[in-house]
Amino acid sequence: MRPTTEQEVRDAIADAIRSGATLDIKGGGSKAAIGAPRPEATVLDLSAIAGVVDYDPAELVLTVRPGTPLAEVEALVAERGQRVAFDPFDHGPILGGTAGAATIGGVVAAGVSGSLRLSGGGARDHLLGLRAVSGRGEVFVAGAKVVKNVTGYDLPKLAAGSRGRLFAITEMTLKVLPRAPIAATRAVAGLDPAAAVRLMAAAMGSQAEVGAAAYLPAALNHGQSLTLLRLLGFGPSVAARCRMIETLLGAHGAAVALDGDEDTACWAALRTLAPLAGDTCLWRVNVPPSGAPSVVTALEPLGSRWLFDWAGGLVWIAFDGDAALVRNAATAAGGHAMLIRAPEALRAAVPALHPPAPGVAALEERVRRAFDPAGVFETGRF
Amino acid sequence: MTLKMPQPEAAVLARRAAIVAALRRIVPGEGVIADPDGLRPFESDGLTAYRQPPMVVVLPETTEQVSQVLRWCHDEGVKVVPRGSGTSLSGGALPLADGVLLGLSKFNRVLEVDYDDRLAVVQPGVTNLAVTQAVEARGFYYAPDPSSQIACSIGGNVAENSGGVHCLKYGLTTNNVLGVELVMMDGEIVRLGGRHLDAAGLDLLGVVVGSEGLLGVVTEVTVRILPKPEGARALLIGFPSVESAGQCVADVIAGGIIPAGMEMMDRLAIEAAEAFVKVGYPLDVDALLIVELDGVGAECDHLIDEVTRIAEANGSTTLSASRDEAERLAFWAGRKAAFPAVGRISPDYYCMDGTIPRRRLPDVLERMAQLSAKYGLGVANVFHAGDGNLHPLILYDANKPGELDRAEAFGSDILRLCVEVGGVLTGEHGVGVEKRDLMPDMFGEEDLAQQQRVKCAFDPKGLLNPGKVFPTLHRCAELGRMHIHRGQVPHPDLPRF
Ligand SMILES: Cc1cc2nc3c(=O)[nH]c(=O)nc-3n(C[C@H](O)[C@@H](O)[C@H](O)COP(=O)(O)OP(=O)(O)OC[C@H]3O[C@@H](n4cnc5c(N)ncnc54)[C@H](O)[C@@H]3O)c2cc1C
Ligand SMILES: Cc1cc2nc3c(=O)[nH]c(=O)nc-3n(C[C@H](O)[C@H](O)[C@H](O)COP(=O)(O)OP(=O)(O)OC[C@H]3O[C@@H](n4cnc5c(N)ncnc54)[C@H](O)[C@@H]3O)c2cc1C
């Protein structure tokens, strides 16, 4: 089903309630291969609910329909020197698809944020308001179209990361931010994971205002690990902060400068997760940064490939071994692990989302029923 | 007072002695207050026009006690109102005559600071400023900085999603909280979020922040801490009109600059502030902007030049840039004292808190001037200009019959105006009881019903902080009923108060 108006979305959901069907909401479908297979569900394709509704750069707000391609949204705001503030990445290639297929609705509903999430906030932090059709078949609005608002519950927070399980978003208002005119990266080679995480913590705790921090282990970088720190802003400021970071890195070896195209290429590779391309199972592990080394120490001897983003707060692991090992390592480090890429049989057996504590699971279930009492969106995917 | 609260239940009032005794079994000693003198300090919060002594106050010291109190009240059908420091400006902590007031003042410890992961774990009764004080020796701070920061609690900040003058650049509470421990009305204890970014499943933490004490009682908070910027400089800029000041703000932001703070004051606010603190604010301008830039020295200096250029292009008539810390603080002194300064020129004032799309500012101030004439009450404006958050201060005299009512009616008209131009009823102070009855001006029936269904997922009996935020008390069973055929959700004889 590919509705073209909000009314058609309502009708589709109302029909599903009546017939007892379940609906699998799809934006660009680029992440369709995440989660358990769901042969019985009807696809509710929202790619035709598209287009920009309003964009006022001076107000920092953009109102857009969910089926709008991410690439189109990014081009629009780039023209006015701005960016989608949570730095979404392009997952297409890593899941065996093409780049540029993601929709803004899919990216927000999946709560996918890139390297700059560390300093600039995630999808959750930049979704200001929405219109949606609930699993009751009713249209509602929540949040607002201004950057500062506390009127009523912050339901947009639930939308970011809802993954099609609460409601079909038909319009969303995002906060956008200026795009920094200059970006530069300073790196140091040869650190082990624990030393790299300590260095990244020191950099994040310094006054150099680090925008992104990542670590490529030796196995992914021609036999020599690389700790990367990215600085963004106005020219004079970036130059001054680069000097601060070079001093910090100096204690660990010669600082490598990646400027201009080199800087862009380095972070673009992380944006598509190119170093972990292939068809090994892919896990996304969110942990407190200091917990990152323990996660990979447990799994590296078993043949995993991995890298750190978010100063260690995000660990990407390509690993075909036992899923329980990844989940246990994530739990032990105080975080959670999501299965992003896996063969169908494994996805049928292992839940994509990290199982929550029983009390939280029950609460999540009640919140889902608050939006979707009949379970129209319960496809069994997650 | 003009506002109705839910009718106290006679059956609950009749059991008061038994309720007090049961609470004393859970929280021994001085942790239960039941005598009239002891209750009086709790009868209102920062919205002092509304007063109501609670049935009883309980001040637990442990999460386990909070859980037991809530479970007992849940089982016995007794309402509970959580309270932090009682500085809410929307009456969020206003007690109920038949309700238990659950104060978190004894939860006053900073439990842990982790500089590697850049976070602090604190109890909810810790004041906002105390978090910064706990980490500043190591060069860190907690970014959200409500003006009430010496008094307000982190638990209250979480409940209200509080902001401050720096939230344009550094975010509101919601952007700076990683996790909470929450006790739900039935006594169940859950942990939402943690010490990492982003939830595994639904972002329940995100909806708890800003829920005004209606979803659960927060008993522990994990906040992010940030390194203090190397420095900060401020500009004090006068404009001949509100339009030109507003255009300057828009051009700064469209020019790619997000200042650490950007505040505007109108003529009356400038005059009141200057008369009070005498820091040299220009008195021949219609609008005054304070723009603060922070970061490394090179950044501050560069941006001072950029903003100066933009201000001059917009016809600024006076402009000074701070050369040292003392001067920067002097620029802020008038703005920070704006409320008490207005308090000197008027016996009482009533602080409003709407947000508008900034481009509508001249329009909105013009209409506000008309309303001021209509109601015969003055209004001074201070304004978080960067994010469009207005704080009109309505001047009135509570001792003059009818003036409070007129001030409230004036305030409601201002908030309706904010909504009419595409803005919202509240930018940071919350709905509470104050704006409760205005909610239908911003939200439709289904919008409010959907929010209340989320409330039902946390508190199906509706016992936690009832009478706040929602103008109509729906029963959860009624809200849950489905009407598949298009048409109106029926709303039979629901209690409206
Ligand atoms: C490096 C990398 C990391 C990734 N990390 C994650 C991750 O952490 N989490 C994750 O889920 N995916 C992740 N992905 C996969 C994915 O990339 C998404 O990024 C993609 O952006 C979604 O765009 P889409 O339009 O193709 O969405 P789709 O695949 O069509 O949909 C994405 C999700 O959003 C829901 N949805 C879509 N539109 C709407 C709407 N209008 N209303 C309500 N719900 C809607 C869908 O039901 C689905 O659950 C990752 C991919 C890569 C390469
Ligand atoms: C002079 C002055 C200046 C102010 N300036 C600002 C400002 O700049 N920015 C701003 O945003 N606000 C401002 N405020 C408003 C107020 O300080 C904030 O809303 C603050 O967060 C309230 O904190 P509190 O501890 O006083 O909460 P209280 O007033 O005690 O309670 C507020 C709400 O939170 C709930 N609550 C409190 N603690 C908990 C808990 N542990 N768990 C669950 N619910 C809880 C209560 O039920 C109530 O609904 C100002 C107030 C004053 C008086």
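What follows is calculated from the coordinates using simple rules that are stated; it is not laboratory data. Here the structure is a predicted model, which is why all the values come from computation and not from measurement. Positions of Cβ are backbone-derived with ideal geometry, glycine not excepted, and every protein chain shown enters the neighbour counts.
With an 8 Å Cα cut-off and a minimum separation of 6 or more residues, compute the relative contact order for the range B:65-173 in percent.
Contact order relative to length: 21 percent.
Take the alpha carbon atoms of the range B:311-352, find their center, do the same for the range A:313-368, and report the distance between the two centers in whole angstrom.
If we compute the Cα centre of each part, the gap is 52 Å.
Have a look at B:480, B:115, B:91 and report the one farthest towards the positive end of the charge dipole of the protein assembly as shown, computed about the Cα centre with Cβ charges (Lys/Arg +1, Asp/Glu -1).
B:480
In Å, the Kirkwood hydrodynamic radius of the range A:108-198 over pairs of distinct alpha carbons?
Details: mean 1/r = 0.0647 Å⁻¹.
Hydrodynamic radius (Kirkwood, Cα pairs) of the range A:108-198 is 15.5 Å.
Taking a quarter of the surface of the convex hull around the Cα atoms of the range A:242-288, what do you get in nm²?
5.3
Select from A:126, A:222, A:336 the residue whose mean-square fluctuation is largest in a Gaussian network model of chain A (Cα-Cα springs shorter than 10 Å).
So, out of A:126, A:222, A:336, the one fluctuating most is A:222.
Out of all Cα-Cα pairs in the range B:10-103, roughly what percent, to the nearest whole number, are more than 23 Å apart?
18
Mind putting a number on the dipole of the range A:6-178 about its Cα centre? Charges go on the C-beta only, +1 for Lys and Arg and -1 for Asp and Glu, and I need it in Debye to the nearest 20.
Dipole size: approximately 480 debye.
Provide Rg and Dmax in Å for chain B, with only Cα atoms included in the calculation.
Just the Cα atoms of chain B yield Rg and Dmax of 23.3, 70 Å.
Does anyone have the angle between helix A:358-371 and the longest principal axis of chain A? Alpha-carbon axes, 0 to 90°, nearest 10?
Roughly 50 degrees, rounded to the nearest 10.
Against the longest principal axis of chain A, how steep is helix A:235-250, in degrees 0 to 90 to the nearest 10, with axes from Cα atoms?
Result, in degrees: 60.
With springs only between Cα atoms under 10 Å apart, run a GNM on chain A and tell me which of A:42, A:103, A:185 wobbles the most.
The residue with the greatest mean-square fluctuation here is A:42.
What Kirkwood radius, in Å to one decimal, follows from the Cα pairs of the protein assembly as shown?
28.0
Using the Cα atoms of the range B:257-372, I'd like the radius of gyration and the largest Cα-Cα distance, Dmax, both in angstrom.
Just the Cα atoms of the range B:257-372 yield Rg and Dmax of 15.3, 46 Å.
Just want the ordering: A:128, B:111, from fewest to most Cβ atoms lying within 10 Å of their own Cβ. Intermediate results must be reported in sequence, preceding the final value.
On the way: A:128 23, B:111 13.
Final ranking by Cβ density, sparse to dense: B:111, A:128.
Considering all projection directions equally, how large on average is the shadow of the alpha-carbon convex hull of chain A, in square nanometres?
The Cα convex hull of chain A, projected and averaged over all directions, gives 18.3 nm².
Whole percent per 10 Å bin, from 0 to the bin with the longest distance: what is P(r) over all C-alpha pairs of the range B:110-227?
So the P(r) values, bin by bin, are 15, 50, 30, 4, 0.
Only helical DSSP H runs with n ≥ 4 go in: add -39500 (n - 2.57) per run for chain B, normalise by residue count and round the 222 nm mean residue ellipticity to 500 deg cm²/dmol.
For chain B, the value works out to -10000 deg cm²/dmol.
Give me log10 I(q)/I(0) at q = 0.09, 0.16, 0.20 Å⁻¹ for the range A:6-178, Debye formula, one equal scatterer per alpha-carbon, no solvent.
Debye curve over Cα of the range A:6-178, log10 I(q)/I(0) at q = 0.09, 0.16, 0.20 Å⁻¹: -0.29, -0.91, -1.40.
With an 8 Å cut-off on Cα pairs and a minimum separation of 6 or more residues, tell me the relative contact order of chain B in percent.
Relative contact order of chain B: 14 percent.
Can you list, bin by bin at 10 Å, the percent of alpha carbon pairs in the range A:342-382, starting at 0?
Spelled out bin by bin, the range A:342-382 gives 26, 46, 26, 2 percent.
Using only atoms on other chains, find how many Cβ atoms lie within 10 Å of each Cβ of peptide B:448-456 and report the average.
6
Taking the Cα centre as origin and putting +1 on Lys and Arg beta-carbons and -1 on Asp and Glu beta-carbons, what dipole magnitude results for the protein assembly as shown, to the nearest 20 debye?
Result for the protein assembly as shown is approximately 1380 debye, rounded to the nearest 20.
Which cross-chain or sequence-distant (5 or more) residues have an amide H under 5 Å from the amide H of residue A:24, H modelled 1.01 Å from N in plane?
The answer is A:42, A:43, A:44.
For chain A, what's the relative contact order in percent, using C-alpha pairs closer than 8 Å and at least 6 residues apart?
19
For the range B:346-434, what is the convex hull (Cα atoms) projected area averaged across all directions, in square nanometres? Don't jump to the answer; show the numbers that get you there.
Values: hull surface 21.6 nm².
Value for the range B:346-434: 5.4 nm².
Using a 4.7 Å Cβ cut-off, which Cys residues in chain B lack a partner cysteine?
Within chain B, the cysteines lacking a partner Cβ under 4.7 Å are B:73, B:152, B:167, B:248, B:300, B:351, B:418.
For the range A:196-305, what does the convex hull of the Cα positions come to per residue, in cubic angstrom?
Per-residue hull volume (Cα only) is 121 Å³.
Between the helical axis of B:361-375 and the dominant principal axis of chain B, each derived from Cα atoms, what acute angle in degrees is found, rounded to the nearest 10?
For helix B:361-375, the angle is close to 70 degrees.
Across the residues of A:290-296, average count of Cβ atoms on other protein chains within 10 Å?
Mean partner shielding for this stretch: 1.
Partner chain Cβ atoms within 10 Å, averaged over the residues of B:203-215 - can you pull that number for me? List each step's numbers first, then the result.
Values: counts 12, 7, 2, 12, 7, 3, 4, 7, 4, 3, 0, 1, 2.
If you average over the peptide's residues, the count of other-chain Cβ atoms is 5.
Please identify the trypsin sites (Lys or Arg not before Pro) of the range B:303-341 that satisfy two criteria: DSSP loop assignment and at most 11 other Cβ atoms within 10 Å. Which are they?
Passing both the DSSP loop test and the Cβ count: B:323.
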